[in-house]
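Asks: I'd like to ask you about the structure that follows.
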């Protein structure tokens, strides 16, 4: 993905432009926003770039789409323009920009240009991409997948909404392994799901005894948990843990929604087995994303499912994805470009995480605790001081370090003293400065809290 003259990614430029239009709509202007094609032509970027910027704003609740009409600015009634928007009512959403995929995105665009010069292919872009994804997941799993088992959507949020409605799960009880992505929690809330949380970041591995008790006590219709890498804690689910979870599931009529979004970010290659290898395939749903493999130029999500109701729902929903972009992504997958790139990405992620962990230990080691992650892009920390984490995050004014309060990743109060950190950019010096400033702010907030209590 290219950068503008301001040295930002193209989707960020589109995002900022749309923010201006949204602000204008809040002041009484036209709430209708430009179409994908018009905005791509106007800003000289790809349709996928525009779609990604819109998907970020839609996740934040700042725009909404109307079928066959386009996108509109969300103008809340009786809410000031400066009010924070939240998926859980606790703080503003945390958006982690897509990881730069180096040479993979230019290669994707090169495939797309080459395909555009060729005559029409015998299969549609959707069919080619679904075939490629089915083959990839069959190679990495004991399960066999067909192209008709792969269902595509514009993004994870839209996919989850379609999937849960198709299975008539709205209003039921869902057991969620937390901390969990706030976007997934938001969808569950929107559908009126009763969320029961199962903590993942416990010492000594997964608390399987608690999981067994929850299954006995609750009528769980859906279990949402990681495939092999639990993020943000950044820990791998062991083979024994996979088997034990599968054994518990076998005794209940419960869907497993296996979150495979972050599996490719294991620092070592993903484990030979996943949770899906041990469960009944008729109760299995595998959630994946092309963005994690390819980057912001492919912000699409997919789910693997053999259930006829899921297939019918996605056919009815008829998500519109750029056909040539789907063909180009299929080329990347089928030719092995993605898999060869992923090892380079894992090496880079591991190096960056080592730098981040060392810097955090150096500047904040006496203020918080963390376990060195086995994968992912974020560091999950527990604060040793009693402070308002939201104030701490709001005071962070640097692009080198992103932070989010732990309670954003839960619907209960179990993570009020947790903090998520992510290093942006490549300048280790800027990272050191940001962490030093964060440490000073943390101590200041703690001193103020002590003064108020005395």
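Asks: Only one residue in 391, 450, 443 is in contact with a helix residue (DSSP H, G or I) (Cβ under 9 Å, 6 or more places away or on another chain) and at pLDDT below 90, so which one is that?
Replies: Exactly one residue qualifies, and that residue is 391.
Asks: From 324, 316, which residue is surrounded by fewer than 21 Cβ atoms within 10 Å (Cβ to Cβ), assigned by TED's automatic domain parsing to the domain that holds residue 148, part of a helix (DSSP H, G or I) and at pLDDT below 90?
Replies: So the residue among 324, 316 that is surrounded by fewer than 21 Cβ atoms within 10 Å (Cβ to Cβ), assigned by TED's automatic domain parsing to the domain that holds residue 148, part of a helix (DSSP H, G or I) and at pLDDT below 90 is 324.
Asks: Right, something else. Quick one: how many residues across region 250-261 are touching a strand residue (DSSP E or B) at 6+ places or on another chain (Cβ under 6 Å) and either under 17 Å from residue 174 (Cβ atoms) or surrounded by fewer than 23 Cβ atoms within 10 Å (Cβ to Cβ) (or both)?
Replies: 7
Asks: Hey, can you tell me all the residues within region 150-172 that are under 18 Å from residue 261 (Cβ atoms), modelled with pLDDT of 90 or more and in contact with a strand residue (DSSP E or B) (Cβ under 7 Å, 6 or more places away or on another chain)?
Replies: If the condition is that a residue be under 18 Å from residue 261 (Cβ atoms), modelled with pLDDT of 90 or more and in contact with a strand residue (DSSP E or B) (Cβ under 7 Å, 6 or more places away or on another chain), then 150, 151, 152, 153, 159, 162, 163 are the ones that fit.
Asks: Among the residues in region 335-347, are any touching a residue at least 12 places away in the same chain (Cβ under 8 Å), in contact with a strand residue (DSSP E or B) (Cβ under 9 Å, 6 or more places away or on another chain) and more than 20 Å from residue 151 (Cα to Cα)?
Replies: Yes: region 335-347 contains one or more residues that are touching a residue at least 12 places away in the same chain (Cβ under 8 Å), in contact with a strand residue (DSSP E or B) (Cβ under 9 Å, 6 or more places away or on another chain) and more than 20 Å from residue 151 (Cα to Cα).
Asks: Taking residue 286, is it surrounded by fewer than 22 Cβ atoms within 10 Å (Cβ to Cβ), touching a strand residue (DSSP E or B) at 6+ places or on another chain (Cβ under 6 Å) and modelled with pLDDT of 95 or more?
Replies: No; evaluated as a whole, the condition is false for this residue.
Asks: Right, another one. Mind counting the residues in region 213-227 that are surrounded by 22 or more Cβ atoms within 10 Å (Cβ to Cβ) and either in a loop (DSSP other than H, G, I, E, B) or touching a helix residue (DSSP H, G or I) at 6+ places or on another chain (Cβ under 6 Å) (or both)?
Replies: Residues flagged as surrounded by 22 or more Cβ atoms within 10 Å (Cβ to Cβ) and either in a loop (DSSP other than H, G, I, E, B) or touching a helix residue (DSSP H, G or I) at 6+ places or on another chain (Cβ under 6 Å) (or both) within region 213-227 amount to 1.
Asks: Please find, within region 40-68, the residue that is nearest to residue 108 (Cα to Cα) out of those that are in contact (Cβ under 8 Å) with a residue 24 or more places away in the chain and assigned to a loop (DSSP other than H, G, I, E, B).
Replies: 46
Asks: Before we move on, is residue 230 within 27 Å of residue 172 (Cβ to Cβ) and either free of Cβ contacts under 8 Å to residues at least 24 places away in the same chain or surrounded by fewer than 20 Cβ atoms within 10 Å (Cβ to Cβ) (or both)?
Replies: No: the conditions fail for residue 230.
Asks: Identify, from the list 202, 210, the residue that is assigned to a loop (DSSP other than H, G, I, E, B), free of Cβ contacts under 8 Å to residues at least 24 places away in the same chain and more than 30 Å from residue 55 (Cα to Cα).
Replies: The match here is 202.
Asks: Right, something else. Restricting region 128-151 to residues that are within 30 Å of residue 65 (Cα to Cα) and crowded, with 20+ Cβ neighbours inside 10 Å, which is farthest from the chain's Cα centre (by Cα)?
Replies: If we take residues in region 128-151 being within 30 Å of residue 65 (Cα to Cα) and crowded, with 20+ Cβ neighbours inside 10 Å, then 128 is farthest from the chain's Cα centre (by Cα).
The values are calculated or read from the model by the stated rules, or taken from the named source; none is laboratory data. These numbers were taken from a predicted model, which means no experiment stands behind them. Glycine also receives a Cβ, built like all others from the backbone with ideal geometry; neighbour counts cover every protein chain displayed.
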